[in-house]
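See below for the structure under consideration.
The values are calculated or read from the model by the stated rules, or taken from the named source; none is laboratory data. As the structure is a computational prediction, the values presented were derived from the model and not from experiment. Virtual Cβ from ideal backbone geometry, glycine too; neighbours counted across all protein chains shown. These accessible areas exclude ligands, DNA and RNA; they are computed on the full protein's heavy atoms, side chains included. Shrake-Rupley method; radii C 1.70, N 1.55, O 1.52, S 1.80 Å.
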Amino acid sequence: MTSTGMSAPTRHDRRMFALMNDRRASSLYATAARRRAAVAAHAALTVAGLAAGIGANASDQRWPAFALLALLLPWCVATGVINGATRGLLELRTPVLDERQVAERDRVRARAHRLTTLLLAIALGVVAGGDWTGRAEAETLLVPVLATVFVVHWLMPLWVAGLTVRDEPEPEELS
């Protein structure tokens, strides 16, 4: 333990820090527009993956499962782009983050929590409204809605971080 009460960074922590701070792919997220596009692509791939997963679970056909597998690689690439843009803000453990990064991570998590709470309220309204009006039984909606809310709860901090990260400062020219 260090004097701050945190454990010292492990070899894994140092390796993940180096990976998350590798700037070789920075052109993919160098501007706010590119980061927004990466988050939008990630969200779209997530929605498609959820639909394929729910479809695979609800039907006897195999194509939704294959669609889910086909979406996995581009989804992982988009995740990596967002993690690179945020320098691993949400993936790295506290011992390798500085105080500014820890504060930023806390702000991102708080904002994501508020957004997820709003989505949970909407999901509750959809399920209760569908059941109350008789248009859909709550039991029919329960698994797809819970799966969707779980995935959104899991990924919302990543999306918020990707949308709120600031541009890197331009390197200063040496005269």
Task: Residue in the range 123-143 that is modelled with the lowest pLDDT, counting only those that are open to solvent by less than 40 Å² (accessible area, probe 1.4 Å) and not aliphatic (A, V, I, L, M) - done: 130
Open item on the list: Looking only at helices (runs of 4 or more DSSP H) that lie completely in the range 63-175, which have at least 1 residues being among the basic types (Lys, Arg), within 12 Å of the chain's Cα centre (by Cα) and closer than 17 Å to residue 47 by Cα?
Closed with: none
- [ ] Hey, can you tell me all the residues within the range 18-60 that are open to solvent by less than 80 Å² (accessible area, probe 1.4 Å) and either assigned to a loop (DSSP other than H, G, I, E, B) or in contact with a Lys or Arg (Cβ under 9 Å, 6 or more places away or on another chain) (or both)?
- [x] 20, 21, 22, 23, 25, 27, 29, 30, 31, 32, 56, 59
TODO: May I ask you to verify whether residue 89 is at negative phi, crowded, with 16+ Cβ neighbours inside 10 Å and of a type outside the set (Val, Ile, Thr)?
DONE: yes
Task: Selection count where residues are within 19 Å of residue 150 (Cβ to Cβ), modelled with pLDDT of 95 or more and among the β-branched types (Val, Ile, Thr), scope the range 49-81 - done: 1
Open item on the list: If I go through the range 94-122 residue by residue, how many of them are surrounded by fewer than 16 Cβ atoms within 10 Å (Cβ to Cβ) and more than 27 Å from residue 147 (Cα to Cα)?
Closed with: 7
Task: Pair list, Cβ under 6 Å, 6 or more apart: the range 28-44 residue within 17 Å of residue 157 (Cβ to Cβ), other residue in a helix (DSSP H, G or I) and open to solvent by 60 Å² or more (accessible area, probe 1.4 Å) - done: 39/163
